[in-house]
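A short write-up of the structure that comes next.
Readers should treat all values here as calculations from the given coordinates under stated rules, not as data from a laboratory. As the structure is a prediction and not an experimental result, all values here were calculated from the model. When we count neighbours, we look across all protein chains shown, and the Cβ atoms used for this are built from the backbone with ideal geometry, even at glycine.
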Amino acid sequence: MKRSLAREQAFMLVFEKSFRDETVEEIIEKACEGRNIEVDAFARELTEKVFASLPELDEIISQYSTKWKINRLPRVTLSILRLSICEIQKMDQVPVSVTINEAVELAKKYASPEDASYINGVLGAYVRDNFPQQ
């Protein structure tokens, strides 16, 4: 599976988890059964890392989200930001610019152009402050 499709799969799992108080394994199991899919290894790893790091990710989002408080962000936007920041922090094999571009593309597909621009701004500010060599 292409990495972009695996990332989209991870986004869907993170988004689904935002509605239900279930373990990541339960979310994955139900996604596999309900949609007759097989979850990619990259998608599984990224999803698990997101939920293992949720408080830290939400703190970062709160810090860099200047227009909206985290509890006011749409779930799609919040899910994309969680996924992307986690990928930037914990998945060294993916270039930061690719992660940001993929996040913007997910937002264009599942949210709005305004959300895509907002996500790009939050991620850009986060990367400039924390990864100046990028």
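For residue 68 and residue 33, the FRET efficiency from 1/(1 + (r/R0)^6), where r spans their Cβ atoms and R0 equals 35 Å, is about 0.50. Helical runs (DSSP H, four residues minimum) scored at -39500 (n - 2.57) apiece and divided by the length of the chain put the mean residue ellipticity at 222 nm at -24000 deg cm²/dmol. For the stretch 58-70, 3J(HN,Hα) computed residue by residue from phi via the Karplus equation (6.51, -1.76, 1.60; θ = phi - 60°) reads 5, 5, 5, 4, 4, 5, 9, 8, 7, 8, 10, 6, 4 Hz, glycine and proline entered as x. Average 1/r across all pairs of distinct alpha carbons in the stretch 3-130, invert it, and you get the Kirkwood radius: 14.5 Å. Straightening the chain between residue 105 and residue 131 buys 7.2 nm, computed as 0.36 nm per residue apart minus the Cα-Cα spacing. Against the longest principal axis of the chain, how steep is helix 75-90, in degrees 0 to 90 to the nearest 10, with axes from Cα atoms? That works out to roughly 80 degrees. Note on 32, 86: ascending count of other Cβ atoms within 10 Å places them as 32, 86, the fewest first. Modelled this way, with points 7 Å down the Cα-to-C-beta line, the labels at residue 26 and residue 51 are 0.9 nm from one another.
Annotation note: GluC sites (Glu not before Pro) in the stretch 1-109 located in DSSP loop regions with a Cβ neighbour count of at most 13 within 10 Å are 22, 38. A simple spin-label model places the labels of residue 3 and residue 120 2.0 nm from each other, with each point 7 Å out along Cα-to-Cβ.
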